[in-house]
Amino acid sequence: MGSEHLSGRSCRKPLGIQIIENLKGSRVSFKTHQSIVLIVTFFAYASYHATRKTTSIVKSALDPKSPDLGMNFVPLRLTNSTEANGPRRFSGVSGGGWAPFNGSDGTSLLGQLDVAFLSVYAFGMYFSGHLGDRCDLRIFLTVGMLGTGVFTSLFGVGYWGNIHNFYYFLVIQMITGLFQSTGWPSVVAVVGNWFGKSKRGLIMGIWNAHTSVGNIAGSLIASAMLSYGWGWSFVLPGLISAFVGLVIFLILPVTPESVGADREEDEYIFPNKSGDEEVEEPLLTPPVGDKAVGFIEAWKIPGVAPFAFCLFFSKLVAYTFLYWLPFYVSHTAIDGQYLSSEAAGTLSTLFDVGGVLGGILAGHISDRLDARAITAASFMYCAIPALYFYRSYGHVSLIVNAALMFITGLFVNGPYALITTAVSADLGTHKSLNGNSRALATVTAIIDGTGSIGAAIGPLLTGYVSAKSWSAVFSMLMAAALTAGLFLTRLVVAEVTAKIEESRSNRGAQEPSHLV
């Protein structure tokens with residue numbers, strides 16, 4: 001019965017899985033299903049981020065006077081200056097931009113597109129998670145990716161349609177943000193369905209590299225297409241997103257039950273010690289007949305609120321770097337010289353590289369310690385001195401700047417990656433749910449949706465604060481990192497207490513053997 005139902009509904013195997021089984025002449029193994037899930041969802045979310053990065057690359061084409069707020073590989077160069085002091089000056093840029101973004105308020109209009117996208121994305125996340133737990137995630141994710149592809153392409157269509165109405169682009173960005181909000185709750189829920197808790201942190205830490213891969217790939221594709229007209233910088237990533245959406249529809253297995261996979265091969269077990277006897281219990285029970293968990297009920301799951309508010313401040317820091325780091329680097333003298341915006345954009349990728357390693361380390365450490373809160377809080381506290389040293393000593397030399405940027409990315413993105421992946425999957429399968437699997441998308445959406453509000457606020461505040469002082473911006477980021485860690489204090493204390501009690505019980509169990 002489990003092979004014919006998904007969340008209490010009739011479900012057939014995806015057509016792609018059926019074709020693979022027909023060609024093989026045998027059923028697809030559980031491990032193969034897991035590999036398919038990891039690979040397909042990796043490329044799915046990488047394509048989401050690739051379309052998301054496009055706008056920051058095209059900003060220089062829409063408004064040549066605009067500072068590039070994202071990773072920029074476009075050959076827009078700033079005046080090379082050996083003067084460490086004094087204002088930065090922009091040299092001329094080929095082309096006259098694109099109305100209405102090439103006017104005196106062009107930078108402000110482009111900023112409004114960013115805020116509109118992130119705001120709708122954040123609030124849409126709550127609804128997407130709620131819907132995701134009530135329908136077939138394969139269909140839900142497919143619709144999200146196709147919608148993302150269509151509306152990302154429609155933004156580019158403005159180039160050939162000679163559209164200069166700001167509200168056209170604003171509405172397109174808002175609708176794109178709504179479709180993009182379907183992605184994260186869906187992919188985390190699917191991966192959480194297939195991987196047990198014991199190695200979930202490490203696996204998801206590696207898998208979470210899709211964010212950085214998507215950012216870099218989106219930057220390279222968009223910048224390469226600019227020479228053919230900025231419209232192609234949106235259309236090509238949009239087509240890629242739509243294509244991956246079709247792959248999702250054809251091959252993605254949402255749960256083991258949906259494809260009749262044997263859970264005996266899975267690691268969906270965790271030890272429950274009762275006396276001297278270790279009992280193996282399933283982390284998730286078959287979802288047939290489960291009732292989807294409500295929005296308010298999901299908030300009440302122990303740990304959801306602290307991690308959600310922690311992520312609010314964690315993503316505030318991370319997205320401030322995402323949108324402003326290249327601009328900061330190109331406007332800060334390093335060893336007495338300023339970098340071109342192309343060089344600054346290239347250098348800023350080290351923050352993403354550090355983030356990949358940080359996500360893997362945070363996941364692995366939290367698995368080994370079985371302590372998600374301790375790991376996340378520790379990384380956030382370590383991010384504070386990392387931010388301080390980067391601001392204070394990043395100007396010394398290019399090597400020092402690169403090293404400190406890498407370390408900052410490691411500590412800033414480590415807990416961000418851990419909370420949005422392994423922690424969300426853990427809480428979506430919390431023991432208080434009594435084995436009900438239909439809370440994964442809702443919990444993931446609550447945590448990442450709350451974090452995404454911080455992601456929208458951080459870059460917006462930075463735009464105002466940086467006009468007065470970059471030191472004030474870094475003070476704001478350090479305060480945010482501290483606050484993020486403090487939100488986990490109660491959970492950290494609980495984990496430490498549990499570790500102490502476990503250590504005492506282990507010592508108590510060993511003492512009789514010494515007496516014999």
The lone exception for MET380 - which of (1) open to solvent by 10 Å² or more (accessible area, probe 1.4 Å); (2) among the aliphatic types (A, V, I, L, M); (3) within 26 Å of ARG52 (Cβ to Cβ) it fails: (1)
Does SER471 satisfy being modelled with pLDDT of 90 or more, over 20 Å from CYS310 (Cβ atoms) and open to solvent by 40 Å² or more (accessible area, probe 1.4 Å)? yes
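Of the residues VAL412, VAL493, which single one is out of contact with any Lys or Arg (no Cβ under 8 Å at 6 or more places or on another chain), open to solvent by 40 Å² or more (accessible area, probe 1.4 Å) and modelled with pLDDT of 85 or more?
On inspection, the qualifying residue turns out to be VAL493.
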Can you list residue pairs whose Cβ atoms sit under 7 Å apart, with the first residue in the stretch 465-493 being within 15 Å of VAL317 (Cβ to Cβ) and the second being open to solvent by 60 Å² or more (accessible area, probe 1.4 Å) and of a type in the set (Ser, Thr, Tyr)? Count only pairs 6 or more apart in sequence or on different chains. MET478/TYR388; GLY485/TYR381
Where a residue in the stretch 310-321 is of a type in the set (Lys, Arg) and its partner, wherever it lies, is buried (at least 24 other Cβ atoms within 10 Å of the Cβ), with Cβ under 7 Å and at least six apart: LYS315/TYR416; LYS315/GLY451; LYS315/SER452; LYS315/GLY454; LYS315/ALA455
Restricting the search to the stretch 223-237, which residues are open to solvent by 30 Å² or more (accessible area, probe 1.4 Å) and modelled with pLDDT of 85 or more? MET225, TYR228, TRP232, LEU236
Would you confirm whether or not the stretch 156-163 contains a residue that is open to solvent by 10 Å² or more (accessible area, probe 1.4 Å) and of a type in the set (A, V, I, L, M)? yes
Return the only residue of PHE140, PHE117 being touching a residue at least 60 places away in the same chain (Cβ under 8 Å) and of a type outside the set (Val, Ile, Thr). PHE117
Being under 29 Å from SER471 (Cα atoms), part of a helix (DSSP H, G or I), at pLDDT 90 or above and in contact with a helix residue (DSSP H, G or I) (Cβ under 8 Å, 6 or more places away or on another chain) narrows it down to one of LEU347, LEU357, so name that one. LEU357
What number of residues in the stretch 307-331 are in contact with a Leu (Cβ under 7 Å, 6 or more places away or on another chain) and open to solvent by 20 Å² or more (accessible area, probe 1.4 Å)? 3
Could we say that LEU220 is surrounded by fewer than 19 Cβ atoms within 10 Å (Cβ to Cβ), touching a Gly at 6+ places or on another chain (Cβ under 7 Å) and more than 30 Å from GLY260 (Cα to Cα) here? no
Answer yes or no: is there a residue in the stretch 371-384 that is among the polar types (S, T, N, Q) and either at pLDDT below 90 or not in a helix (DSSP H, G or I) (or both). no
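The values are calculated or read from the model by the stated rules, or taken from the named source; none is laboratory data. All figures in this text were calculated on a predicted structure; none of them were measured in a lab. Using ideal geometry, Cβ is built from the backbone for each residue, glycine included, and neighbour counts are taken over all protein chains shown. What goes into the accessible areas is simple: the full protein's heavy atoms, side chains included, and nothing from ligands, DNA or RNA. Shrake-Rupley method; radii C 1.70, N 1.55, O 1.52, S 1.80 Å.
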